[in-house]
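J.: Take this structure, written in structure tokens, and hold onto it; I'll ask about it next.
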Amino acid sequence: MCPVFDEAKKHMTFREVWVGCLLGMLFLIFAIYQESLTDANIIEIMPIRQFWYGVQQNIRTYGGTLTAFLLAVGLPRLICCEHEYRTDCLIKTSAKGNIVTWQSKVLFTVLYCFVVVFIIGASSLMMNCNLFSFKGALQPVETCVYFSDSALPPMSNIAYCVLQYLFLFLGALYYAGFALLIAALTRRTALTIFLCGASYLVCVLYEYVGYMFSGMADYILGFFYRFGFGGYLLQASYSWNSYVGAGEWSDVWKPILLVVTMILLEFSGLWLIWRRKARK
């Protein structure tokens, strides 16, 4: 585990990571402030079902966007720093330098994704549930994002929110793999951050204006959105059978299998690129 801790120490010296954390914290503070403006009378009359559906929507939108931002800002230099700081030559001198360095970066990436999603999840649930004092948290789910209500297995509102964050974690790993691949190919931190950010913005844009497309254009764009990292971060990809409306829970294993496969392919591709670059 020592190489992973070394990567963590190195990661804490990156200025863009601290800037990203600061902006993310400001975003959370602003969101908490907006929630605090909610009229107490409205809170009293708001149905529990509507409140928890709103919590789910916040996880899907704000949670996905904040996760993508922190990953796009925090991960690229993890790969690019070896080239930018000219330490890649030192890695080559060790017999197992390439494999150990690659493994430590991948393990740190998984840990980083988990910490980001956990902090966002804990902050979001505390922020939203503070108004209701977790009222209805253990009640069965009545309405849920992207799934047919009747198709869900028995679970509580809070359990479904935790499930959403597990989905978000898979989307984070998918997006992180993409960011590391771009970083390994370009070996330029600023360029990688720009490309990752632009890619996610395209996904968000399609989320809002996708209905304007039709025919083959809608099919192609919808395919790349739903089966790409954008659909997984925004959790549109888990309703496998439906482009609009709710999908069936019985099919959820299909998008999960797909995203796990894509994550493994991304990190395998990262190893191939990493090894090829090291030989030059």
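The values are calculated or read from the model by the stated rules, or taken from the named source; none is laboratory data. Quantities reported herein were computed from a predicted structural model and do not represent experimental measurements. Heads up, the Cβs are rebuilt from the backbone with ideal geometry, glycines too, and the neighbour counts pull from every protein chain shown.
J.: From the list Tyr175, Tyr206, exactly one residue is modelled with pLDDT of 90 or more and part of a helix (DSSP H, G or I). Which is it?
T.: Just a single option satisfies the conditions, and that option is Tyr175.
J.: Could you check the stretch 170-206 and list, in sequence order, the residues that are under 19 Å from Leu221 (Cβ atoms) and either touching a strand residue (DSSP E or B) at 6+ places or on another chain (Cβ under 9 Å) or without any contact (Cβ under 8 Å) to a residue 40 or more places away in the chain (or both)?
T.: Leu195, Ala198, Ser199, Leu201, Val202, Cys203, Leu205, Tyr206, listed by residue number.
J.: Do we find a residue being under 13 Å from the mean Cα position of the chain (by Cα), assigned to a helix (DSSP H, G or I) and over 11 Å from Gly230 (Cα atoms) anywhere in the stretch 180-194? Write out each step before concluding.
T.: Residues of the stretch 180-194 under 13 Å from the mean Cα position of the chain (by Cα): none.
Scanning the stretch 180-194, I find no residue that is under 13 Å from the mean Cα position of the chain (by Cα), assigned to a helix (DSSP H, G or I) and over 11 Å from Gly230 (Cα atoms), so the answer is no.
J.: Turning to a different aspect of this structure: Can you tell me how many residues in the stretch 51-85 are loosely packed, with under 14 Cβ neighbours inside 10 Å and either more than 20 Å from Val141 (Cα to Cα) or at pLDDT below 75 (or both)?
T.: Of the residues in that region, 2 qualify.
J.: Failed condition for Gly247, given (1) modelled with pLDDT under 85; (2) under 22 Å from Leu173 (Cα atoms); (3) out of contact with any Lys or Arg (no Cβ under 7 Å at 6 or more places or on another chain), with all others met?
T.: Failed condition: (2).
J.: Which of the residues that make up the stretch 6-21 are outside any helix (DSSP H, G or I) and of a type in the set (A, V, I, L, M)?
T.: Met12
J.: Pairs please, first residue from the stretch 242-261 and within 16 Å of Thr143 (Cβ to Cβ) and buried (at least 16 other Cβ atoms within 10 Å of the Cβ), second anywhere and at pLDDT below 85 and of a type in the set (Ser, Thr, Tyr), Cβ atoms under 9 Å, 6+ apart in sequence or on different chains.
T.: As it stands, the answer is Ala246/Tyr146; Ala246/Ser148; Ala246/Ser239; Gly247/Tyr146; Gly247/Ser148; Gly247/Tyr238; Gly247/Ser239; Trp249/Ser148, since those pairs meet every condition given.
J.: Report, ordered by the first and then the second residue, all pairs with beta carbons closer than 7 Å, sequence separation of six or more or different chains, a first member in the stretch 123-146 that is closer than 16 Å to Tyr62 by Cβ, and a second member that is modelled with pLDDT of 70 or more and surrounded by fewer than 14 Cβ atoms within 10 Å (Cβ to Cβ).
T.: Between residues of the stretch 123-146 that are closer than 16 Å to Tyr62 by Cβ and residues that are modelled with pLDDT of 70 or more and surrounded by fewer than 14 Cβ atoms within 10 Å (Cβ to Cβ), the close pairs are Val145/Gln57.
J.: Please work out which one of (1) surrounded by 22 or more Cβ atoms within 10 Å (Cβ to Cβ); (2) closer than 26 Å to Tyr165 by Cα is the condition Gly197 fails and give its number.
T.: Unmet condition: (1).
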